[in-house]
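A short write-up of the structure that comes next.
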Amino acid sequence: MKEVNYVFGALEEPDVEALMRIGTQEQLHVSDQLLTEGTHHDAIYLVLDGELSVSVKGRNAVIAYVGKGEIVGEMSLLESQPASATLCAITPVTVLRIPRDRLEENLAADPAFSMRFYRALGMLLSHRLRATLDPEKVSQDAINAGLVVHRAHPLNAETSVPALMCGVAMPNGRFYIRNHFQIPNLNVAHYRLAVGGLVKRKLSLSLRDLMQMPSQTFFATLECAGNGRTEFDPTCCRSLGCFQFCCGSLPAVDLLSPPWARSWFP
């Protein structure tokens, strides 16, 4: 379910019409920035079409993507703080820009609209919070499975050396875990895998679509790029998201292709 549904679904028709009246459509070209980390902005945005990357200072890679139907800028609206990330168009993008001053005028003039609007934002933030698994439980599950946990938030753990020596194929529960973000709690009924970008044909696949695709099982050894990092001299900087993996990040596994049919996170 797209985020605009959480907001518009909690509003009455006149509320939505008011937002559309004060909003203006804007077009972004590839590489245009919608928001820039550390700068104040004066609007919230509804993404009507296209896709943007999300990046933060200190990370050498994109940390997330924002697409059609999503809302950005609402946290800065609530907190009056500068943007916490930079959003850059990776395809042509169309957004509905709702200026902060006009929105606040409408909210102040209509207390009932204000109540519904902030309730809608509360529902949106609750949805985002519920969209990730409890990190404490996930970390404890990894410990119970015998993994060596290097960090709980987000979870990063390696297979113990004794476990590597106790069989040929590594069970899912003891497979190493490498995450840059919290593990999403997917709703099986609504989950869709979007395939976009530089492709000839965009796809939107349900879990059933994925499970019905032909598959093949084969034996392979998978190794994390950070395996043996404890031997680096100098050691890798943790501020870059590195973890001091020993040698438990190269287990063998019976691999089921396509890879999304497995429950581990390489």
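Miscellaneous remarks
- Over region 3-130, the pair-distance histogram of Cα-Cα distances with 5 Å bins from zero comes to 2, 11, 19, 24, 21, 14, 6, 2, 0 percent, rounded to whole numbers.
- Overall Cα dimensions of region 40-115 - principal axes, largest extent first, Å: 44, 26, 17
- Debye-sum result for region 38-82 in log10 I(q)/I(0), which assumes one identical scatterer on each alpha carbon, at q = 0.18, 0.19, 0.30 Å⁻¹: -0.63, -0.70, -1.08
- Once the chain from His153 to Thr221 is taken as fully extended at 0.36 nm per residue, the excess over their C-alpha distance is 21.8 nm.
Coordinate-derived values only; no laboratory data. Worth saying up front: this structure is predicted, and the values here are computed from it rather than measured.
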